[in-house]
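First comes the structure, then the notes that go with it.
The values are calculated or read from the model by the stated rules, or taken from the named source; none is laboratory data. Keep in mind it's a predicted model, so treat the numbers as computed, not measured. Glycine gets a Cβ as well: all are built from the backbone with ideal geometry, and neighbour counts include every protein chain shown. What goes into the accessible areas is simple: the full protein's heavy atoms, side chains included, and nothing from ligands, DNA or RNA. Shrake-Rupley method; radii C 1.70, N 1.55, O 1.52, S 1.80 Å.
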Amino acid sequence: MGRWGWDVHGDGRTVAPGAVVAPGERLAWGRTVGIGMQHVVAMFGATFLVPLITGFSPQTTLFFSAVGTALFLLLTRNRLPSYLGSSFAFIAPIGAATASGGQSAAVGGILVTGLALVAVGVVAHVAGTRWIDALMPPVVTGTIVALIGFNLAPAAWGSCTDDGCTGFRAAPVTGLVTVLTIVLVTVLFRGILGRLSILVGVLVGYAVALVRGEVDLSAVADAPLVGLPTFVAPSVDLAVLGLFLPVVLVLVAENVGHVKSVAAMTGQDLDPLVGRALMADGLATTLAGVGGGSGTTTYAENIGVMAASRVYSTAAYWVAAATALLLSMSPRFGAVVATVPDGVLGGAATVLYGMIGLLGARIWVQSKVDFSSPTNLVPAAVALIVGIADYAFTAGALEFRGIALGTAAAIGLYHLMRVLGRWRGTTEEPATPASVPGGDELKH
């Protein structure tokens, strides 16, 4: 196989029991196109929830998601299958930045986050990834993921003003139907349908909202069928940059986790691609920050499609990127997506934000973090309260809030207590596994 071509797997139609279609292979093009479109469906629910919650354009977000995926495949030399969708780690900082300095300030924060991730990727490509494991052992990574999810809890419930309510409170019945649908689809169905529970929940909730008269379709008829997305120029506001820096650490964990997950499923050594994956996601996020898209990350939903189909061909992801790009050229399609009402979003967010928080606990469990050690217990405890209560601190033009302060507390206190404990001999050296399992799941 050439670097940019694919060998046909077997007869091109079937995958034998126990076999997988490797990244450098493909099935017949008809089947490859079908699987590629499955990847678009799989990423759809989570990718669009981020712009809907943050007020960004769904059409613009889809455009940069498609371009970012193609860029990722190019920079990883067509060897690492992945779709780059919207990262939920950006929701809280985007919301705070938009409230403080407008959407352009939020886009500027995404831009800076992308550049920082590119820099991390360059270092990882040159020096390896051991320093990442040392800086963010599982107890720290799990804590950061958990506090991001739980910090968002008030946004799921929403608020009420004279102009109306947001979140779950905007339409409790619709929100409850959305939650119950997600729960039932998750537990009743296996395979790809079970993994699309968020999307199914949103669709059912949307249908209920239509019946209840909660959907405003007036903007759909006015939107042209074909047209370019609406781009937003970034502005760098120092006051909000501190809100975005912790996201870099989460994106690192997500990308490293994705590479390790795909390597485990395909039986290939993909560790040399970690640096390239980080650089690619960083460049994709940077591009999104240039034009008004949501920051991107590797998607666990698409790992689910690969696990169900046993097809890890990067050819399918080129099809997915092309399909998403075509859809992003329809303002009417984006307008339809933008009509999803607050009640549906609040219901989906109730499940998603809780899942994000508990994914942090999952990292602790899978890595067997020992919380009988104060070196593990205290940093996690302090960081979670700081993040959940949304502590705030202002230093000149910079403002740091719950997620940023909680991240700093998790990293700073862990390493401080570790150094002082070893110096005084009061604590045992905690076990630090070499990798963080499940780190690629924060975006759904």
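Descriptive notes on the structure:
- Within the stretch 287-311, tally of residues that are farther than 30 Å from Gly18 by Cα and surrounded by fewer than 24 Cβ atoms within 10 Å (Cβ to Cβ): 3
- Total residues in the stretch 382-399, condition under 18 Å from Gly109 (Cα atoms), of a type in the set (Val, Ile, Thr) and open to solvent by less than 60 Å² (accessible area, probe 1.4 Å): 0
- Total residues in the stretch 121-142 satisfying the condition of being aliphatic (A, V, I, L, M), out of contact with any Phe, Trp or Tyr (no Cβ under 8 Å at 6 or more places or on another chain) and closer than 21 Å to Leu405 by Cβ: the figure is 2.
- Taking the criterion of being surrounded by fewer than 21 Cβ atoms within 10 Å (Cβ to Cβ) and either in contact with a Cys (Cβ under 8 Å, 6 or more places away or on another chain) or of a type in the set (Val, Ile, Thr) (or both), the only residue of the stretch 338-349 that qualifies is Thr339.
- Contacts under 6 angstrom Cβ, first residue in the stretch 318-340 being over 14 Å from Gly227 (Cβ atoms), partner open to solvent by 60 Å² or more (accessible area, probe 1.4 Å) and assigned to a helix (DSSP H, G or I), 6 or more apart: Thr323/Met37
- Subset of the stretch 355-364 that is farther than 12 Å from Phe88 by Cβ and not hydrophobic (A, V, I, L, M, F, W, C) - its residue that is surrounded by the most Cβ atoms within 10 Å (Cβ to Cβ): Gly360
- Looking only at the stretch 373-392, and only at residues there that are under 18 Å from Gly242 (Cβ atoms) and in contact with a Lys or Arg (Cβ under 8 Å, 6 or more places away or on another chain), the one that is modelled with the lowest pLDDT: Ala392
Let's see how each residue does on (1) more than 22 Å from Leu283 (Cα to Cα); (2) surrounded by fewer than 24 Cβ atoms within 10 Å (Cβ to Cβ); (3) in contact with a strand residue (DSSP E or B) (Cβ under 9 Å, 6 or more places away or on another chain):
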{"site": "Thr69", "(1), (2), (3)": "no, no, yes"}
{"site": "Leu84", "(1), (2), (3)": "no, no, yes"}
{"site": "Val107", "(1), (2), (3)": "no, no, no"}
{"site": "Val123", "(1), (2), (3)": "no, yes, no"}
{"site": "Gly149", "(1), (2), (3)": "yes, no, no"}
{"site": "Gly167", "(1), (2), (3)": "yes, yes, no"}
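- Scanning the stretch 312-337 for residues that are farther than 14 Å from Tyr83 by Cβ, open to solvent by 40 Å² or more (accessible area, probe 1.4 Å) and under 20 Å from the mean Cα position of the chain (by Cα) gives no hits.
- Any hit, the stretch 400-412, residues being of a type in the set (D, E, K, R), open to solvent by 50 Å² or more (accessible area, probe 1.4 Å) and out of contact with any Ser or Thr (no Cβ under 9 Å at 6 or more places or on another chain): yes
- Any hit, the stretch 170-187, residues being of a type in the set (Gly, Ala, Ser) and either at pLDDT below 90 or under 30 Å from Leu73 (Cα atoms) (or both): no
- Selected residue (criterion: farthest from Phe64 (Cα to Cα)) from residues of the stretch 1-43 that are among the charged types (D, E, K, R) and in a loop (DSSP other than H, G, I, E, B): Asp11
- Qualifying residue in the stretch 52-60 (condition: assigned to a loop (DSSP other than H, G, I, E, B), on the phi > 0 side of the Ramachandran plot, out of contact with any Phe, Trp or Tyr (no Cβ under 7 Å at 6 or more places or on another chain) and of a type in the set (Gly, Ala, Ser)): yes
- Restricting the stretch 200-213 to residues that are assigned to a helix (DSSP H, G or I), in contact (Cβ under 8 Å) with a residue 24 or more places away in the chain and not β-branched (Val, Ile, Thr) leaves a set whose member that is surrounded by the most Cβ atoms within 10 Å (Cβ to Cβ) is Gly205.
- Test: residue in the stretch 24-44 that is over 20 Å from the mean Cα position of the chain (by Cα), open to solvent by 10 Å² or more (accessible area, probe 1.4 Å) and of a type in the set (Val, Ile, Thr): yes
- Residues that are surrounded by 15 or more Cβ atoms within 10 Å (Cβ to Cβ), touching a residue at least 40 places away in the same chain (Cβ under 8 Å) and under 14 Å from Gly347 (Cα atoms) within the stretch 173-199 comprise Thr174, Gly175, Leu176, Val177, Thr178, Val179, Ile182, Ile198, Leu199, listed in sequence order.
- Looking only at the stretch 66-87, and only at residues there that are out of contact with any Phe, Trp or Tyr (no Cβ under 8 Å at 6 or more places or on another chain) and in a helix (DSSP H, G or I), the one that is farthest from Asp390 (Cα to Cα): Leu74
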